[in-house]
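Peer 1: What follows is a structure written as structure tokens; I'll ask about it next.
Derivation of every value follows stated rules applied to the coordinates shown; laboratory data play no part. Computed from a predicted structure; not experimentally measured. Here the Cβ is made from the backbone with ideal geometry for all residues, glycine too, and neighbour counts use every protein chain on show.
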Amino acid sequence: MGNNSSRQVTAQDKAILDLKNQRDRLHQYQKRITVLTDRETQIAKQMLAQGDKKKALLALRRKKYQESLLSKTDGQLEQLEKLTSSVEFALIQKDVLFGLQQGTKVLKEIHAEMGGIEHVEKLMGETADAIAYQKEVNEMLGGKISNQDEEEVEDELAALEAEIRGVKPIPDVPLPNVPDTEPERQATEPEQQPARMQQEERQAMLA
């Protein structure tokens with residue numbers, strides 16, 4: 001006889017399993033992307049040292065995009081973990097399933113970035129194939145990086161430029177306040193001689 005008392009897999013069980021699978025994949029991607037982003041930072045420094053600011057910026061923009069994808073998925077998984085642990089799963093089931101679908105979509109985007117270190121090296125290549133790849137990456141990033149991310153990339157580029165030149169950033173020191181009134185002028189010569197000295201001079205002239 002079969003065991004009719006065996007527990008049936010529920011929708012919540014399946015959602016939790018999908019969530020764990022996404023989390024495991026994300027952790028794998030985090031380790032692999034760290035290798036790529038470290039190399040992209042090195043490439044940015046190398047390009048700046050060679051005076052190629054355009055390629056340095058491209059490497060940093062791609063790095064920022066990869067980091068933003070991981071951050072987005074990480075936050076999403078954390079939210080889904082809270083939802084799937086809810087005792088009222090039936091009420092939020094639709095939201096959980098939608099979140100898992102979005103997570104799968106972002107993980108696919110991350111997977112597309114896992115082309116290997118050889119693709120990263122193309123960011124500084126001069127061959128026709130490398131230039132075409134650089135153009136493709138640049139166009140792809142055009143609509144996928146926020147204005148805040150772009151500003152952070154520019155700040156990182158400026159910091160790397162300063163590092164390459166061996167220049168330390170100048171701290172923001174407040175300027176001294178300008179006095180509201182002009183300082184009193186000190187007379188170089190006495191404006192009036194004492195009356196006694198004037199009298200002695202007149203006596204000397206009459207003598």
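Peer 1: Give, as a single signed number, the net charge of other residues whose beta carbon lies under 15 Å from the beta carbon of residue 128, with Lys and Arg counted +1 and Asp and Glu -1. Write out the running numbers ahead of the final one.
Peer 2: Working: positive: 122, 135; negative: 126, 129, 136.
That works out to -1.
Peer 1: Multiplying the sequence separation of residue 92 and residue 111 by 0.36 nm and subtracting their Cα-Cα distance, what value in nm do you get? Mind showing how you got there, number by number?
Peer 2: Numbers: separation 19, 0.36 × 19 = 6.84 nm, distance 2.84 nm.
Additional length available on full extension: 4.0 nm.
Peer 1: Would you mind ranking 146, 68 so that the residue whose beta carbon has the fewest other beta carbons within 10 Å leads the list?
Peer 2: Details: 146 10, 68 16.
In order of increasing Cβ crowding within 10 Å: 146, 68.
Peer 1: Which length gain, in nm to one decimal place, applies between residue 8 and residue 152 when the Cα-Cα distance is subtracted from 0.36 nm times their residue separation?
Peer 2: Values: separation 144, 0.36 × 144 = 51.84 nm, distance 4.98 nm.
Extra length available between residue 8 and residue 152 comes to 46.9 nm.
Peer 1: Next up: Would you mind ranking 165, 39 by Cβ crowding within 10 Å, fewest neighbours first? Mind dumping the intermediate values first?
Peer 2: Numbers: 165 10, 39 16.
Going from sparsest to densest Cβ surroundings: 165, 39.
Peer 1: Still on this model: Can you return the lysines within cross-link range of residue 63? Criterion is Cα-Cα under 21 Å, with same-chain partners fewer than 8 residues away left out.
Peer 2: Result set, ordered by chain and number: 31, 45, 53, 54, 55, 72, 105, 108, 122, 135, 144.
Peer 1: Using the number of other C-beta atoms within 10 angstrom as an exposure proxy, rank 29, 133 with the fewest first.
Peer 2: 133, 29
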